[in-house]
Amino acid sequence: MNYSKNFSFAFVILFSIFNTITDAYSQRTIRTKTTTKKTRFTTPTDIQSPNHCYLYPPGVDACQLVEDANFQDKDGDSPYIVENANGGNYVIAAPHGRFDEGTRAIVEGVDSANEMAWKSLSFNGFRRESLYFNVNRPTLYLVNNNPNIADHEEEQVDSDAKKVYNCYVNHIKGLVPFNSLEWYVEIHGNAKASRAGFLDIATHEGMSEQDAEDIQEIFQNALDAEGVGLTVAMEHTDDDPHFHGQAAREFGIFCVLENANVPFLHIEIPSAYRKNNQVANRNKMIDALSAALAQVKAANLID
Ligand SMILES: [Zn+2]
């Protein structure tokens, strides 16, 4: 009996079985990747939000409640809302239009510059010293009236903050009902020194990595074309993500949009490309965002 020959034969059999299994596995892996390449955003019925999104029942006029509350900061100034309802089924918004300096100008600039016009919305002065609503979620910060609180652990759900948040949601729905809203883009300002070289973008958790990479490339090319010296960092692909919208995702506007299958982008712009003493850079940013957002829509990422 030749053990070594039998052993070799058995080894060949085992090896071919192993190859068959691994081939089948890699085939399946490839097929899975192909079928998940495009995430389908189905047309939603208008939202019936779970409680954790903190929406009022239908029929409650949150903006009337905000008006009745007559919120003022310590100088007696009232916050204000600006919207432009001209455009398609696309909304670009700045929930901290004053505090995130320059973001109101950016959403209005993109709105007017873009051929496939975006409807724009800014909530201004709801987040400022002594009046610190988060607007895109039903919370506020309450730490000695200190506006410089960056730690979202300190956030508190609050009855007044719910009014402001629900008014914000109602404005978005008023511009485009959620069952018709094709894209929602939220613009924020980032003052962190460590993020000064980045345009930080987060999107729908259900979006495929491939689509997220496509979006990253679109934005990077648009920034490069306008001479904006920033690197696009996507939450989907970044090993060290810097998405600061987590609270809004858990119980704010992104919670609502995820449930409604509305795709969104959450964009944070560093100071050098948005502040009032950086108008030339801000205009480059507006041109880059206008070009990129038109391409995101044209890329037909939504089936
Ligand atoms: Zn912000």
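The values are calculated or read from the model by the stated rules, or taken from the named source; none is laboratory data. These figures come from a predicted structure and were not determined experimentally. For neighbour counting, all protein chains shown are included, and Cβ atoms are generated from backbone atoms with ideal geometry for every residue, glycine included.
A few comments on the model shown:
- Taken over segment 155-182, the residue count meeting the criterion of being aliphatic (A, V, I, L, M) and surrounded by fewer than 19 Cβ atoms within 10 Å (Cβ to Cβ) is 1.
- Filter result for ALA212 (away from the ligand (no atom under 16 Å from the Cβ) and either in contact with a Lys or Arg (Cβ under 7 Å, 6 or more places away or on another chain) or part of a helix (DSSP H, G or I) (or both)): yes
- Every residue from segment 215-228 that is part of a helix (DSSP H, G or I) and either in contact with a Pro (Cβ under 6 Å, 6 or more places away or on another chain) or of a type outside the set (Phe, Trp, Tyr) (or both): ILE215, GLN216, GLU217, ILE218, GLN220, ASN221, ALA222, LEU223, ASP224, ALA225
- Residue list for segment 183-195, filter: surrounded by fewer than 18 Cβ atoms within 10 Å (Cβ to Cβ) and either part of a strand (DSSP E or B) or away from the ligand (no atom under 16 Å from the Cβ) (or both): ALA193, SER194
- In segment 272-292, the condition of being free of Cβ contacts under 8 Å to residues at least 12 places away in the same chain, more than 22 Å from ARG127 (Cβ to Cβ), surrounded by fewer than 20 Cβ atoms within 10 Å (Cβ to Cβ) and out of contact with any Asp or Glu (no Cβ under 8 Å at 6 or more places or on another chain) is met by at least one residue.
- Picking from residues in segment 229-282 that are modelled with pLDDT of 95 or more and part of a loop (DSSP other than H, G, I, E, B), the one that is nearest to the ligand (Cβ to nearest atom) is ARG274.
- Restricting attention to segment 89-125, the residues that are within 11 Å of the ligand (Cβ to nearest atom), among the hydrophobic types (A, V, I, L, M, F, W, C) and either in a loop (DSSP other than H, G, I, E, B) or within 18 Å of ASN281 (Cα to Cα) (or both) total 1.
- Every residue from segment 57-109 that is under 17 Å from ASN170 (Cα atoms) and among the aromatic types (Phe, Trp, Tyr): TYR80, TYR90
- Meets criteria (modelled with pLDDT under 95 and away from the ligand (no atom under 16 Å from the Cβ)) for ALA202: no
- The residue that is farthest from PHE251 (Cα to Cα), counting only those in segment 53-88 that are away from the ligand (no atom under 16 Å from the Cβ) and surrounded by 20 or more Cβ atoms within 10 Å (Cβ to Cβ), is VAL66.
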